[in-house]
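Heads up: the structure comes next, in structure tokens.
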């Protein structure tokens, strides 16, 4: 429906104009609303949002502000804005959290083992400290080789050593790192 068609219908009969606009754009508006609210809203919420959108269109459409003949752009702008407002309101009001005092929380199993995770995190921290303690260029060689998976030729360009020297230093640094880890009580 164009702006001029809607204006003619509006001048003749306001209710018929609104009904014609509604009939033509209901599917378009509902699609916009559905895509925005499907993750948090019910069908009733979507219906309420569609109703509010058409109310806004009927109440605030100003023919003097029309940029083009097509009303679709104005309707789309109202639909996107209103559905975003509904989305924020529904997400804020929906109770998606569980009370810590709730009896159900005791029955919710967790795959996470906190003590193992804490121990691994501590081992990683110690390992990084020990790698840093190796000094340059050994720490760079170890990190580049084992963390980034780079070859001796690639590492040699970073530390300005020959690939053969990188392999020798890597081997020595690894032996030293194993000894330091053993002294800390960590076995690999």
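The values are calculated or read from the model by the stated rules, or taken from the named source; none is laboratory data. What you are looking at is a predicted structure, and each value in this text was computed from that prediction instead of being measured. We place every Cβ from the backbone using ideal geometry, glycine too, and count neighbours over all the protein chains shown.
Here are a few things to note about the model shown:
- Condition check for residue 143: modelled with pLDDT of 85 or more and under 22 Å from residue 186 (Cβ atoms): yes
- Within the range 140-172, being under 13 Å from residue 127 (Cβ atoms) and touching a residue at least 12 places away in the same chain (Cβ under 8 Å) holds for 142, 143.
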